[in-house]
1. Would you tally the residues in segment 116-130 being open to solvent by 20 Å² or more (accessible area, probe 1.4 Å) and either in a loop (DSSP other than H, G, I, E, B) or among the hydroxyl-bearing types (Ser, Thr, Tyr) (or both)?
2. Going by the structure shown, is residue 98 without any contact (Cβ under 8 Å) to a residue 40 or more places away in the chain, of a type outside the set (A, V, I, L, M, F, W, C) and open to solvent by less than 30 Å² (accessible area, probe 1.4 Å)?
3. Can you find even one residue in segment 179-191 that is hydrophobic (A, V, I, L, M, F, W, C), open to solvent by less than 60 Å² (accessible area, probe 1.4 Å), touching a strand residue (DSSP E or B) at 6+ places or on another chain (Cβ under 8 Å) and in contact (Cβ under 8 Å) with a residue 12 or more places away in the chain?
4. Does segment 9-46 hold any residues that are hydrophobic (A, V, I, L, M, F, W, C), over 19 Å from residue 103 (Cα atoms) and open to solvent by less than 30 Å² (accessible area, probe 1.4 Å), and which are they?
5. Which one of 195, 199, 113 is open to solvent by less than 20 Å² (accessible area, probe 1.4 Å) and not hydroxyl-bearing (Ser, Thr, Tyr)?
6. Mind listing whichever residues of segment 149-164 are closer than 17 Å to residue 68 by Cα and open to solvent by 50 Å² or more (accessible area, probe 1.4 Å)?
7. Look at segment 47-93 and say how many of its residues are of a type outside the set (Phe, Trp, Tyr), open to solvent by 60 Å² or more (accessible area, probe 1.4 Å) and closer than 28 Å to residue 166 by Cα.
Amino acid sequence: QKKLKKSLPKFKAISVREEAGKRIIEEATGLKNIEVVLDPTFLLPKENWEKLEKNPFENKKEKYVLAYFLGEENMGYIKKYCQERNFELINFYDEKKNYGPAQFLYLINHAKLVLTDSFHGSVFSIIFNKSFLVFDRVEKSINNNMNSRLETLLKIFELDNQKFNNEILDEQYKIDYTKINKILLEAQEKSKNFLRKALN
């Protein structure tokens, strides 16, 4: 706290990706000009990301659900859900596979549904206009809570209905990306304006 109070006011501009980070800095330093902006991955159009993706399969797969979890996940429920609907389940962290960043982009972009507790798993689901559900991050350490960035992300895009609440509902597949993409354009401009102002 003392180091923050001494050092951060020396910066001309400070931005964060979540409301919790903004509160922490404001309370520690007394600064009031902290801006919440988009993650930098949002500032590129999806076509740029699509150029980088790589199909990890021999053929294009249909109707698969991608599970991308950085914490502990409820794979029992997810496997049962996919079996009942005849969906193939792809677990990004399957020990038999070796997916990299290019495969990560492809797997999200071509999934029927993305299930994740990851901030960037959610970010790229929005960029690629995918159906997705956000699970609370369950860590082995009770002191390691990574959910605040996700909460801010869902709030910005009015996607609170995409939080997993014990079951996957059919209506959660239906996301109005016409509205979401409009919000994204406005948020991109706000974030770019922050950079222009900070660097000018």
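The values are calculated or read from the model by the stated rules, or taken from the named source; none is laboratory data. These figures come from a predicted structure and were not determined experimentally. Neighbour counts are summed over all protein chains in view; Cβ atoms, including those assigned to glycine, are modelled from backbone coordinates with ideal geometry. Protein only, heavy atoms only, side chains kept; ligands, DNA and RNA dropped before computing areas. Shrake-Rupley method; radii C 1.70, N 1.55, O 1.52, S 1.80 Å.
1. Taking segment 116-130 and keeping what is open to solvent by 20 Å² or more (accessible area, probe 1.4 Å), we get 120, 129-130.
After this cut, where a residue has to be either in a loop (DSSP other than H, G, I, E, B) or among the hydroxyl-bearing types (Ser, Thr, Tyr) (or both) as well, the list is 129-130.
So the answer is 2.
2. Against the criterion (without any contact (Cβ under 8 Å) to a residue 40 or more places away in the chain, of a type outside the set (A, V, I, L, M, F, W, C) and open to solvent by less than 30 Å² (accessible area, probe 1.4 Å)), residue 98 does not qualify.
3. no
4. Within segment 9-46, 14, 16, 20, 25, 28, 34, 36, 37, 38 meet the criteria.
5. One residue alone meets the criteria, 113.
6. 163 - this is the single residue of segment 149-164 that is closer than 17 Å to residue 68 by Cα and open to solvent by 50 Å² or more (accessible area, probe 1.4 Å).
7. Qualifying residue count for the region: 13.
So that you can scan it fast, the table gives a plain yes or no per residue for (1) β-branched (Val, Ile, Thr); (2) out of contact with any helix residue (DSSP H, G or I) (no Cβ under 7 Å at 6 or more places or on another chain); (3) not in a loop (DSSP other than H, G, I, E, B):
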| position | (1), (2), (3) |
| --- | --- |
| 149 | no, no, yes |
| 154 | no, no, yes |
| 167 | no, yes, no |
| 171 | no, yes, yes |
| 182 | no, yes, yes |
| 185 | no, yes, yes |
| 188 | no, no, yes |
| 197 | no, yes, yes |
